[in-house]
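The structure under discussion appears below in the form of structure tokens.
The values are calculated or read from the model by the stated rules, or taken from the named source; none is laboratory data. Since the model is a prediction, treat every value here as computed from it, not as a measurement. In this analysis, Cβ positions are derived from the backbone assuming ideal geometry, glycine residues included, and neighbour counts consider all displayed protein chains.
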Amino acid sequence: MPLAIITGASRGLGLALARELATRNWALVIDARGARDLEVVARELGQLTEVAALPGDVADANHRRDLLSAAGPDIDLLVNNASILGPSPQPQLDDYPLEIVKRVYDVNVFAPLALCQLVLPRLPDGGRIINITSDAAVEAYEGWGGYGSAKAALEQLTAVLAAEQPELRIYAADPGDMRTRMQQEAFPAEDISDRSLPEISVPGMIELIEGDLPSGRYVVRQLKARERV
């Protein structure tokens with residue numbers, strides 16, 4: 001049974017992907033900051049597959065080590081999905097508190113890199129790392145300087161890691177706008193009901209996980225869905 005670590009799996013894309021992998025007989029190690037929500041998800045997924053659910057903050061080094069201990073020596077997939085937006089509404093850079101910028105980078109950049117460093121020795125040839133990114137990493141949106149620049153840094157780390165680890169598949173995956181709590185926080189005064197549910201992005205994620213695409217950056221909704229065999 002293959003094993004995946006998925007961070008930020010109590011809601012949104014992380015939850016949608018965990019549900020799909022559970023139906024595909026993947027063992028899961030999942031986390032989220034909210035212990036109550038994570039417990040509900042763990043009970044649901046536990047009906048389908050083996051699940052270890054650890055509440056905690058990916059920016060905490062002890063929590064990251066606990067995730068690796070729960071996973072054991074053999075890991076097939078790491079999905080760095082956990083992320084924070086920063087203030088809501090998003091401030092312009094000339095008024096962005098630097099201590100909050102640091103927190104955004106701690107969660108969105110340094111924690112994923114730290115997890116990659118821990119996971120790399122346990123990945124087999126062909127093992128996968130997927131770092132969830134955003135179009136805010138490549139487009140200059142007013143008010144998105146903190147989150148967008150953090151995702152841009154994560155994308156560059158992903159690209160360099162892929163160049164350094166050619167035996168692995170390492171992806172930056174852009175799921176597009178989704179109807180999630182984070183999206184609502186980004187646009188607190190807007191109706192986001194026209195955004196797609198996270199499940200729409202899952203087939204493209206499965207293509208990265210089970211397909212043969214080379215390492216790189218992908219907009220996952222543009223990928224062909226992989227049929228279950």
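Check region 94-102 and report whether any residue there is closer than 19 Å to A18 by Cβ and surrounded by fewer than 21 Cβ atoms within 10 Å (Cβ to Cβ). The answer is no; no qualifying residue exists. Highlighted here are the helices (runs of 4 or more DSSP H) found entirely within region 71-168 that include at least 3 residues which are within 22 Å of L28 (Cβ to Cβ) and either at pLDDT below 95 or in contact with a helix residue (DSSP H, G or I) (Cβ under 9 Å, 6 or more places away or on another chain) (or both): 111-119.
Within region 134-153, the set of residues being surrounded by fewer than 17 Cβ atoms within 10 Å (Cβ to Cβ) and among the aromatic types (F, W, Y) comprises Y141 only. Of the residues making up region 30-47, those that are among the hydrophobic types (A, V, I, L, M, F, W, C) and either in contact with a strand residue (DSSP E or B) (Cβ under 8 Å, 6 or more places away or on another chain) or buried (at least 16 other Cβ atoms within 10 Å of the Cβ) (or both) are I30, A32, A35, L38, V41, A42, L45.
Looking across region 1-57, the residues that are under 20 Å from M205 (Cβ atoms), of a type in the set (D, E, K, R) and under 18 Å from the mean Cα position of the chain (by Cα) come down to R11, R19, E20, D31. Among the residues of region 34-77, those that are in contact with a Leu (Cβ under 8 Å, 6 or more places away or on another chain) and either acidic (D, E) or closer than 14 Å to Q117 by Cα (or both) comprise E50, V58, R64, R65, D66, L67, L68, D74, I75, D76, L77. If the condition is being crowded, with 16+ Cβ neighbours inside 10 Å, closer than 22 Å to T158 by Cβ and without any contact (Cβ under 8 Å) to a residue 60 or more places away in the chain, then region 51-67 contributes D57, V58, A59, H63, R64. Only residues that are part of a loop (DSSP other than H, G, I, E, B) and either over 17 Å from the mean Cα position of the chain (by Cα) or modelled with pLDDT of 95 or more (or both) were counted across region 169-194, and they come to 8. Residues of region 5-29 that are of a type outside the set (V, I, T), part of a strand (DSSP E or B) and crowded, with 24+ Cβ neighbours inside 10 Å: L28 alone. Evaluation of V58 against the conditions (1) in a loop (DSSP other than H, G, I, E, B); (2) out of contact with any Ser or Thr (no Cβ under 9 Å at 6 or more places or on another chain) shows that the sole unmet condition is (2).
Would you say I84 is touching a strand residue (DSSP E or B) at 6+ places or on another chain (Cβ under 8 Å), of a type in the set (V, I, T) and within 24 Å of V202 (Cα to Cα)? No, not satisfied.
Applying the criterion of being modelled with pLDDT under 60 and in contact with an Asp or Glu (Cβ under 9 Å, 6 or more places away or on another chain) to the residues of region 195-228, the residue that is nearest to S10 (Cα to Cα) is R195. Apart from one condition, A114 fits all of (1) in contact with a Ser or Thr (Cβ under 6 Å, 6 or more places away or on another chain); (2) over 21 Å from L15 (Cβ atoms); (3) not aromatic (F, W, Y); the exception is (1). Of all residues in region 70-103, those satisfying the criterion of being among the charged types (D, E, K, R) and touching a residue at least 60 places away in the same chain (Cβ under 8 Å) are D74, D76.
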